[in-house]
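Novice: This structure is in structure tokens; I'll ask about it shortly.
The values are calculated or read from the model by the stated rules, or taken from the named source; none is laboratory data. Note that the coordinates shown come from a computational prediction; the quantities given were computed from them, not determined experimentally. Note: areas computed on protein heavy atoms with side chains; ligands, DNA, RNA excluded. Shrake-Rupley method; radii C 1.70, N 1.55, O 1.52, S 1.80 Å.
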Amino acid sequence: METMHYSEKKKSSKGAVIGLVLFVLIGGAIILFAVKYEGKPQLIGSKESDIQRLVDLEKEDEENTKNEHLNINYEVKELKHSDKSVAKIKSDITVPQIYIEGQELTELNKEIDTKYQELFVKLQSEMKSVESNYTFLVSYDTYENMVGTEKIISVVVTQRVRDDSAKKNTSESKSVYNIDLSTKEEVELPSIASQLLGKDYKTIIRSATVDYVVGKGMMKESEFTYAITGLEEYYVKDGVFHIIFNEGKLVDEKYGVLDIEVKEK
């Protein structure tokens, strides 16, 4: 039997090796190229122009709000009362009645009117037998200011008891109603004082008060122990913060009402 011989020709592995090498080289080159020319990550707002744009937008919003509030209309009307039913004490009362955009602040107006009517009734009872004749006088002043973006009106109501014979006041007191026209609500002292005087407003107010009473010889600095509570009467006039201490609240009542201007140092 004839023996048949054959040989199997093996495939060469050189091509595969070369392909692998080329793949690695080309791939590596692509990665290196990408890393080299890849831009640095950008954070939103990191560029100066982006930050400035945000600042400008905030300023624009504030300005728009300020202009909107500046255009809020209001009216303070007079409400008068006169009573001569008791010979020794008569009244001449003019109280404010506040309207914002034509809407009456009913509760506040009633509160103000009732307060001074009741005070007069009390005086009538107490002064029936006094020797002199007296007049209970009530008047008010209104101040308008922009504090930040808010339009604030300060209505300062002053009550006096005048000795008609001596033609001088025997007592005086002030009450203030500070109203934010945009909210139609009263504004407490800390809110306004912090905007006008900064976060250290209590220290600034105290310092101004000490300077006032000591400078006018009402009290020695070593005797001053008062701490600002934030509940004091205050108002704003021409952008300047004023704090009020009624008779006997801080110094001897003979000095009357103290009206102290407070400015940021």
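Novice: Which semi-axis lengths, in whole Å and largest first, follow from the square roots of five times the eigenvalues of the Cα gyration tensor of the stretch 126-196?
Specialist: Semi-axes, largest first: 36, 10, 10 Å.
Novice: Order 226, 116, most accessible first, counting only protein heavy atoms with a 1.4 angstrom probe.
Specialist: 226, 116
Novice: Continuing with this model, one more query. Please go through the residue pairs 66/263; 88/184; 84/110; 110/168 and name each one whose alpha carbons sit more than 32 Å apart in this structure.
Specialist: 88/184
Novice: Follow-up question, since we're still on this one. Find the relative contact order for the stretch 74-227 and round it to a whole percent, using C-alpha pairs within less than 8 Å whose residues are 6+ positions apart.
Specialist: Averaging sequence separation for qualifying contacts and normalising by length gives 16 percent for the stretch 74-227.
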